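Inspection log for the structure reproduced underneath, given as structure tokens.
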Amino acid sequence: MDVKPGLRLTSTVCRTEVIVVKAPPMPIDLRCGGEGMVAKRHRAHASGPVDIMHSDGTEVGRRYADEEVGLEVLCTKAGDGSLSLGDRRLPLKDSTPIPTSD
């Protein structure tokens, strides 16, 4: 699937929704719960169960990223499925500490 920043995607097996923050120049296989994600406007009812190997869930407000590929998404609705590129888990992006003021 070709993605670009601002694209809203939804899972086909759970309630997870994300928005693309940073997109790679090539097509990717972004999945949630083991199944491919679709553009939010094409959302259908859940088509099946979440794959047990991809069931760690997503957290609303958290960013998931793969620096190697150049993908970053923001979770806008939490769900039971976990995000992956193909079968490879998409990890939570490390948060940047905010400097303290004295």
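The label-point distance for Arg8 and Asp87, in a model that sets each label 7 Å from Cα toward Cβ, rounds to 3.3 nm. Cβ-to-Cβ counts within 10 Å put Ile19, Ile28, Ile52 in ascending order as Ile52, Ile19, Ile28, the fewest first.
In debye, nearest 20: dipole of the chain around its Cα centre with unit charges on the Cβ of K, R (+) and D, E (-)?
Values: 14 positive and 15 negative charges, 104 e Å.
Computed charge dipole of the chain: roughly 500 debye.
Positive-end ranking of Thr12, Gly57, Leu90 along the dipole of the chain, with charges on Cβ about the Cα centre, is headed by Thr12.
Measuring between their Cα centroids, the stretch 47-76 and the stretch 85-102 lie 13 Å from each other.
Contact order normalised by length for the stretch 8-89, with contacts defined as Cα pairs under 8 Å and 6 or more residues apart; what percent is it? Don't jump to the answer; show the numbers that get you there.
Details: 199 pairs, mean separation 32.9, N = 82.
It comes to 40 percent, rounded to a whole number.
Legend: ranking of residues Asp29, Asp51 from fewest to most surrounding C-beta atoms inside 10 Å; resulting order Asp29, Asp51.
Subtracting the Cα-Cα distance of Asp56 and Asp94 from their residue separation scaled by 0.36 nm leaves 11.9 nm.
Taking 25 Å as R0, compute the FRET efficiency from the Cβ-Cβ separation of Met26 and Arg63 and round it to 0.05. Write down the numbers at each step before the final one.
Values: r = 21 Å, r/R0 = 0.82.
Result of the calculation: an efficiency of 0.75.
Since every read-out is calculated from the coordinates, none of them should be taken as a lab result. All of these numbers come straight from a predicted model, not from anything done at the bench. For neighbour counting, all protein chains shown are included, and Cβ atoms are generated from backbone atoms with ideal geometry for every residue, glycine included.
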